[in-house]
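Visitor: The structure that follows is given in the form of structure tokens.
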Amino acid sequence: MAVFNELKSVVWSAADEILRDSVPRNEYGDHILPFLVLRRFECMIADKHEKILDYIESNTDKLEDMEEGNREFHIKTKFSVPFYNTSRLTLTNIAADSDSIFKAMETYLTSFSSKIRLIWERFKFIDSLKTEEDAGILHSMIDKFSEFDLSPGRVGAEGMGDIFEHLMYLSFTGSAKEAGEFYTPRDVIEMMVEILFASDDTGLQGEFPARSVYDPTAGTGGMLLTAKHHLEHLNEDVEVSLYGQEKMVKSWALGTSDILIQSDPEDEFAADAIVYGNTITEDAYPDRTFDYILANPPYGSKWKNEQDAVKKEAAKPGSRFSHGLPDVGDGQMLFMSHIVHKLTPAHGETGGGRAAVVSDGSPLFTGGPESGPDSIRAWILDPENDYLDAIIALPTSMFFNTGISTYVWIFDKNKEAHRKGKIQLINATNIWSPIKKTMGKKRRDLSALDQKKIVETYAAFEDSDISHICTSDDLGFRDVPVVRPLTLVTSVTEETVQAAMSHNDITEDYRKVMEGLDGVDFADIFTVLKKELRAHKLRNTAGIRKHIALSVGIHDDHAPVALDEKGNTLTDSSSKMVERIPMTEDIDEHMKREVLPFVPNAEWDKGEAKTGYEIPFSRIFYQPEDTRTTEEIDQNIERLMNEMFQQFQEVKE
């Protein structure tokens, strides 16, 4: 640990000394991180570098006949390396020859295998080197980084990751927005990982278990690597395979670099862990499912540019987007659908994929009943699926670029027996510790003790002041249309006749028919109208008859319920409302208790009810403040009056 802490400090201080006054503070990361990665890479392959060069030189004809991809695969597998370099250049010998160092660095970087060249390209490393050359500090940067011993024997995988992520954090401190785009706080990831692995089948503790971990919005790879290290601590023999996808160029470069510098130097597939691309439009792993998934999808991210591809896939039954589509202004629930779809199906007693996904509050309630977002919630909460295990409400001010409320959704394709059919809601909004130095909007942290309390609350799986156990029905409701029937009597006046004349097809020719309705019981009005309109050879449609009837019909509380000519109740459109009824309640019983006492003649149609789901965290965990008793109020008034009296006396004296 002392070595890691020393290196963290030394690398940053040395780079700061060189870059200061030449590069803006918020651009340090563009210079420090690529050099750190480069130095680690050359240290990782140092013991095989000469052997690889000798092999390439002695097999030139054979290798040149191969396509680049086949050639690279051949060399990487032959020497068990994740990458290689075809030049004899190193930072050390470039620094020793002060002539043409920029050109030498260009040659060195372009001599790496293709995936590493892509990293340099997406880091814009050459641009950074040019900036350093123009500022006259390139040689100092090369010389300084060549001195750091970052060999795997001295700095292990986790130690190197710790150094890289610390420097990445320091590089982002000048821009909370950039930090939020690339970097999920480690305290949040650690809590997610702890929760995710709190439930697993017994095979995890067996001999040489294998687990796959996936992040569809991989960013800098922090979630993947934290999960990997945690699994390895649980069982040092576990084989962990990492998979990710990332569409932001810089994030992909950072994430792939982080995985590579922490990988086994003999893992020839480490460079392929994170695929560059858009998860929503093209799943990089269409035929794979995963044991664990962690993700922090972007909040409120529009998917307008992807909607053609999404809608095309949604039209295929059983596809990842076939369960509903959210509003085009927020793609979070597309990622949720994708993630649940990608979890390994249930197998064995408790075997099955588990996921932890960060979201804002929108997926809890957005969309009306039976809308696209609500259909996704219904699919997730369907007791036949039983995919949702828990939701944890995090404290505000936990992330770098937003202070809003955030939540962690836990999905499980095969819950433990005592959790089946149940959902746990955890209110962790008051579980946090202040941080020494704020960064952007991050002012709070989840300390080890905070994480422990949340994990223990999850494991206890019982109701408490911060935990609520419920079923999907508890989160469901039905929106039932409620109307007030019209009670009408016939009243033919100039005012009601004029109201009827407002219809485009009703002319003065109809006046005599309408005046003849005076004294007709409203129950008979449709029959009389139909007969009289026919007798006067006037246009006689159902719409015209209804318009006239409703125009000359006026409200009377004592009149019977009015019916149309088909015998259906005529209703007051202005009184229409929707009553939201919990799914756990009987509709008729609810109406008798909550509606009829206030609207005795209200009617409802259960067949028109729409089913929906929402997760009302605030309502579930609401705790009203204790009101003061009248005695306490009287005592407070008396105290204030005495204080005022004393002040008056002082002024008087």
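The values are calculated or read from the model by the stated rules, or taken from the named source; none is laboratory data. Quick caveat: nothing in here was measured; it's all calculated off a predicted structure. Don't worry about glycine lacking a Cβ; one is built from the backbone with ideal geometry, like all the others, and counts go over all protein chains shown. Ligands, DNA and RNA are stripped out before the accessible areas are found, and what is left, the full protein with its side chains, is counted by its heavy atoms. Shrake-Rupley method; radii C 1.70, N 1.55, O 1.52, S 1.80 Å.
Visitor: Select from segment 591-622 the residues that are closer than 24 Å to T406 by Cα and either out of contact with any Gly (no Cβ under 9 Å at 6 or more places or on another chain) or open to solvent by 90 Å² or more (accessible area, probe 1.4 Å) (or both) and list them in ascending order.
Guide: Quick first cut of segment 591-622, residues closer than 24 Å to T406 by Cα only: 612-622.
Hits for segment 591-622 are I615, P616, S618, R619, I620, F621, Y622.
Visitor: If you scan segment 252-308, which residues turn out to be of a type in the set (D, E), within 21 Å of the chain's Cα centre (by Cα) and outside any loop (DSSP other than H, G, I, E, B)? Can you show your working first?
Guide: At the first step, the residues of segment 252-308 found to be of a type in the set (D, E) are 258, 264, 266-268, 272, 282-283, 287, 291, 306, 308.
Those left that are additionally within 21 Å of the chain's Cα centre (by Cα): 282-283, 291, 306.
Matches in segment 252-308: E306 only.
Visitor: Continuing with the same structure: Checking the conditions here, which among S573, S551, S618 is under 30 Å from E494 (Cβ atoms) and within 41 Å of the chain's Cα centre (by Cα)? Walk me through it before giving the result.
Guide: On the way: S551 fails: within 41 Å of the chain's Cα centre (by Cα); S618 fails: under 30 Å from E494 (Cβ atoms).
Criteria check complete, one pass: S573.
Visitor: Going through segment 416-443 one residue at a time, which ones are surrounded by fewer than 21 Cβ atoms within 10 Å (Cβ to Cβ) and among the charged types (D, E, K, R)?
Guide: Result: E416, R419, K420, K422, K436, K437, K441, R443.
Visitor: Sort out which residues of segment 614-648 are in a loop (DSSP other than H, G, I, E, B) and either aliphatic (A, V, I, L, M) or in contact with a Ser or Thr (Cβ under 6 Å, 6 or more places away or on another chain) (or both), and write them in order of number.
Guide: Start the filter on segment 614-648 by keeping residues that are in a loop (DSSP other than H, G, I, E, B), which leaves 614-616, 621-629.
I615, the sole residue that qualifies.
Visitor: Sticking with this structure for a sec: Under 7 Å between Cβ atoms, at least 6 apart or on separate chains: pull out the pairs that start in segment 233-252 with a residue that is touching a residue at least 12 places away in the same chain (Cβ under 8 Å) and among the aliphatic types (A, V, I, L, M) and end on any residue that is assigned to a strand (DSSP E or B) and open to solvent by less than 40 Å² (accessible area, probe 1.4 Å).
Guide: From residues that are touching a residue at least 12 places away in the same chain (Cβ under 8 Å) and among the aliphatic types (A, V, I, L, M), the pairs are V238/R211; V240/R211; V240/V213; L242/V213.
Visitor: Scan segment 530-549 residue by residue and report those that are within 28 Å of A602 (Cα to Cα), out of contact with any strand residue (DSSP E or B) (no Cβ under 9 Å at 6 or more places or on another chain) and open to solvent by less than 60 Å² (accessible area, probe 1.4 Å).
Guide: Result: A542, G543, I544, R545, H547, I548.
Visitor: Restricting attention to segment 310-362, and to residues there that are of a type in the set (A, V, I, L, M, F, W, C) and over 20 Å from the mean Cα position of the chain (by Cα), which single residue is surrounded by the most Cβ atoms within 10 Å (Cβ to Cβ)?
Guide: Restricting to residues being of a type in the set (A, V, I, L, M, F, W, C) and over 20 Å from the mean Cα position of the chain (by Cα), the top hit is A346.
Visitor: Filtering segment 529-538 down to residues that are touching an Asp or Glu at 6+ places or on another chain (Cβ under 9 Å) and among the hydrophobic types (A, V, I, L, M, F, W, C), which residue is farthest from A500 (Cα to Cα)?
Guide: Here the residue is L538.
Visitor: Which condition number does V552 fail, the rest of (1) surrounded by 14 or more Cβ atoms within 10 Å (Cβ to Cβ); (2) out of contact with any strand residue (DSSP E or B) (no Cβ under 7 Å at 6 or more places or on another chain) being met?
Guide: (2)
Visitor: Taking T584 and the conditions (1) modelled with pLDDT of 90 or more; (2) within 28 Å of G372 (Cβ to Cβ); (3) part of a helix (DSSP H, G or I), which numbered condition does it fall short on, given that it satisfies the others?
Guide: (3)
So that you can scan it fast, the table gives a plain yes or no per residue for (1) without any contact (Cβ under 8 Å) to a residue 12 or more places away in the chain; (2) outside any loop (DSSP other than H, G, I, E, B); (3) open to solvent by 30 Å² or more (accessible area, probe 1.4 Å); (4) among the small types (G, A, S):
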residue: S9; (1), (2), (3), (4): yes, yes, yes, yes
residue: D30; (1), (2), (3), (4): no, yes, yes, no
residue: P34; (1), (2), (3), (4): no, yes, no, no
residue: F41; (1), (2), (3), (4): no, yes, no, no
residue: D47; (1), (2), (3), (4): yes, yes, yes, no
residue: Y55; (1), (2), (3), (4): no, yes, yes, no
residue: K76; (1), (2), (3), (4): no, yes, no, no
residue: P82; (1), (2), (3), (4): no, no, no, no
residue: R88; (1), (2), (3), (4): no, no, yes, no
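Visitor: Step by step: first the residues of segment 562-581, then only those that are at pLDDT 90 or above and β-branched (V, I, T), then the one that is surrounded by the fewest Cβ atoms within 10 Å (Cβ to Cβ). Which residue is that?
Guide: V578
Visitor: Restricting to segment 237-251, name every residue that is open to solvent by 10 Å² or more (accessible area, probe 1.4 Å) and within 20 Å of the chain's Cα centre (by Cα). Before you say what the answer is, go through the steps one by one.
Guide: Let us first name the residues in segment 237-251 that are open to solvent by 10 Å² or more (accessible area, probe 1.4 Å), namely 237-243, 246-250.
Correct list: Y243, E246, K247, M248.
Visitor: Here's something else I'd like to know. Of all residues in segment 11-22, count the ones that are surrounded by 13 or more Cβ atoms within 10 Å (Cβ to Cβ) and either within 22 Å of P82 (Cβ to Cβ) or modelled with pLDDT of 90 or more (or both). Working first, answer last.
Guide: To start, the set of residues in segment 11-22 that are surrounded by 13 or more Cβ atoms within 10 Å (Cβ to Cβ) comprises 11-12, 14-16, 18-19, 22.
Restricting the remaining residues to those that are either within 22 Å of P82 (Cβ to Cβ) or modelled with pLDDT of 90 or more (or both) gives 18-19, 22.
Result for segment 11-22: 3.
Visitor: Take the residues in segment 623-636 that are surrounded by 10 or more Cβ atoms within 10 Å (Cβ to Cβ) and not charged (D, E, K, R), then tell me which one is farthest from N430 (Cα to Cα).
Guide: Q635
Visitor: Mind checking which helices (runs of 4 or more DSSP H) fall wholly inside segment 91-138 and carry at least 1 residues that are open to solvent by less than 30 Å² (accessible area, probe 1.4 Å) and either free of Cβ contacts under 8 Å to residues at least 12 places away in the same chain or under 25 Å from A273 (Cβ atoms) (or both)? Give the steps one after another, and end with the answer.
Guide: Working: elements: 91-96, 101-110, 114-123, 125-135.
The qualifying helices (runs of 4 or more DSSP H) are 101-110, 114-123, 125-135.
Visitor: Moving on to the next point. Would you check if A295 is open to solvent by less than 40 Å² (accessible area, probe 1.4 Å), in contact with a Ser or Thr (Cβ under 6 Å, 6 or more places away or on another chain), in contact (Cβ under 8 Å) with a residue 12 or more places away in the chain and more than 21 Å from P152 (Cβ to Cβ)?
Guide: Details: open to solvent by less than 40 Å² (accessible area, probe 1.4 Å): yes; in contact with a Ser or Thr (Cβ under 6 Å, 6 or more places away or on another chain): yes; in contact (Cβ under 8 Å) with a residue 12 or more places away in the chain: yes; more than 21 Å from P152 (Cβ to Cβ): yes.
Against the criterion (open to solvent by less than 40 Å² (accessible area, probe 1.4 Å), in contact with a Ser or Thr (Cβ under 6 Å, 6 or more places away or on another chain), in contact (Cβ under 8 Å) with a residue 12 or more places away in the chain and more than 21 Å from P152 (Cβ to Cβ)), A295 qualifies.
Visitor: Of the conditions (1) modelled with pLDDT of 90 or more; (2) assigned to a helix (DSSP H, G or I); (3) not charged (D, E, K, R), G203 satisfies every one except a single condition; which number is it?
Guide: (1)
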